[in-house]
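Shown next, in structure tokens, is the structure this report addresses.
The values are calculated or read from the model by the stated rules, or taken from the named source; none is laboratory data. Since the structure is predicted, the reported quantities are computational estimates derived from the model, not experimental observations. Note that each Cβ is placed from the backbone with ideal geometry, even for glycine, and that neighbours are counted across all protein chains shown. Remember, those area values only see protein heavy atoms, side chains included, never the ligands or the DNA or RNA. Shrake-Rupley method; radii C 1.70, N 1.55, O 1.52, S 1.80 Å.
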Amino acid sequence: MNRIYRMKNEEFDNQKILYKYNDTKYYIMDGNGINTYEEYFDKLWSVFNFSDIPKGWHKNYHTEDEYMTDAKEITAEKVVFVIMHYNNFFKENLKEKEDIEDYYENYLLPYWDSEVEQVVKDGRRKDFNIYLVCD
């Protein structure tokens, strides 16, 4: 089952989560300096190395969801997404941080856990886990 893990940096290091498995794609985002959705969006695009968004699309939740749930963009069967310095991530905008967490927990992770098999022809589930790591 896909899930979010919240932990301190020391615990994260002790569990040796990063690059533990050869068959897993690891995406690491630094939460420092991310205070607006646009900063988050740009960093997300850079970390996941997503393709350019189509003309007329905007940097918003709809576009984020389209790419985060696209098997052509997320090609690995097993994904670990880590946000380091999570205590500084949206430090000045807790509502936005809460909305992003809600998206991960209630939309993104359930999608890759089982919904993809129901809504996409030949869709295949992915192991997709998120680590929110605080200093």
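Rounded to whole numbers, the Karplus 3J(HN,Hα) couplings from phi for the stretch 125-135 are 5, 10, 6, 9, 10, 10, 10, 9, 10, 9, 5 Hz, using 6.51 cos²θ - 1.76 cosθ + 1.60 with θ = phi - 60°, and x at Gly and Pro.
If the chain linking LYS78 and GLU10 were pulled fully straight, counting 0.36 nm for each residue of separation and taking away their Cα-Cα distance, it would gain 22.1 nm. 3J(HN,Hα) couplings calculated from phi for the stretch 8-14 with the Karplus curve 6.51 cos²θ - 1.76 cosθ + 1.60 (θ = phi - 60°) are, in sequence order, 7, 4, 4, 5, 4, 5, 4 Hz; Gly and Pro show x. Computed over neighbours whose Cβ is under 10 Å from that of ASP23, the net charge equals 0, Lys and Arg +1, Asp and Glu -1.
Sorted largest first by accessible area at a 1.4 angstrom probe radius, with every protein chain in place, the residues TYR5, TYR40 fall in the order TYR5, TYR40. Of the solvent-accessible surface of the stretch 25-135, computed with a 1.4 Å probe over protein heavy atoms with every protein chain present, carbon and sulfur atoms account for 45 percent. Distant-in-sequence amide contacts of TYR131, defined by a placed amide H-H separation under 5 Å and a gap of 5 or more residues or a different chain, comprise TYR5, PHE81, VAL82, ILE83. For the chain, a Gaussian network of Cα nodes joined below 10 Å ranks LYS20, LYS43, LYS55 by mean-square fluctuation, and the top entry is LYS55. Rolling a 1.4 angstrom probe over the protein heavy atoms with all chains in place gives the stretch 27-132 an accessible area of 54 Å² per residue. Taking only the alpha carbons of the chain, we obtain Rg and Dmax values of 14.7, 45 Å in that order. Would you tally the net charge around GLU77, using a Cβ to Cβ cut-off of less than 10 Å, leaving GLU77 out, and scoring K and R as +1, D and E as -1? The answer is +3. The mean sequence distance of close C-alpha pairs (under 8 Å, at least 6 residues apart), as a share of the length of the stretch 1-112, puts its relative contact order at 42 percent. Dividing the helix sum by the residues of the chain, where each DSSP H run of 4 or more adds -39500 (n - 2.57), gives a mean residue ellipticity at 222 nm of -8000 deg cm²/dmol.
Each residue of the stretch 20-34 in turn: what ³J(HN,Hα) in whole Hz from Karplus with 6.51, -1.76, 1.60 and θ = phi - 60°, glycine and Pro shown as x? Rounded to whole hertz, the list is 5, 10, 6, 8, 10, 8, 10, 10, 10, 10, 8, x, 4, x, 9.
Compared with the alpha-carbon gap, the fully stretched path from ASN22 to THR36 is longer by 1.7 nm at 0.36 nm per residue. The charge dipole of the chain, taken about its Cα centre with unit charges on the Cβ atoms of Lys, Arg (+1), Asp and Glu (-1) only, comes to about 360 debye. Ordered by 1.4 Å accessible area with all protein chains kept, TRP57, TRP112 run largest first as TRP57, TRP112.
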